[in-house]
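What follows is calculated from the coordinates using simple rules that are stated; it is not laboratory data. From a predicted model like this one, the values you see are computed outputs, not experimental measurements. A quick note on method: Cβ atoms are made from the backbone with ideal geometry, for glycine too, and the neighbour counts reach across all protein chains shown.
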């Protein structure tokens with residue numbers, strides 16, 4: 001008789017421990033400030049920011065090379081003429097577009 005009474009109490013304690021453990025695991029996974037979901041979101045955001053950082057670093061390197069090239073005034077003038085169609089006072093500019101550079105609908 002004592003044995004069955006002892007086993008009943010043990011069974012109830014196992015269920016309480018199971019409930020508390022389940023509640024704790026669910027709380028830590030979803031509701032805690034350091035939850036797994038938040039950590040996953042932050043790690044994906046960090047990955048995106050690192051990709052953006054590498055892209056911007058390559059852009060900075062390209063711009064630095066361009067600035068170094070612009071130390072020469074002839075290069076500045078060539079760049080301004082090609083990119084922004086600058087001209088001297090006594091010049092005319094003719095822009096020639098090739099057939100393959102036009103949009104397809106024309």
(Q) Can you pull out every residue in the range 53-86 that is loosely packed, with under 10 Cβ neighbours inside 10 Å and in contact with a helix residue (DSSP H, G or I) (Cβ under 7 Å, 6 or more places away or on another chain)? (A) none
**Q.** Long-range neighbours under 8 Å by Cβ, at least six apart or interchain, first residue closer than 16 Å to residue 83 by Cβ within the range 49-72, second surrounded by 10 or more Cβ atoms within 10 Å (Cβ to Cβ)
**A.** 69/75; 70/76; 70/79
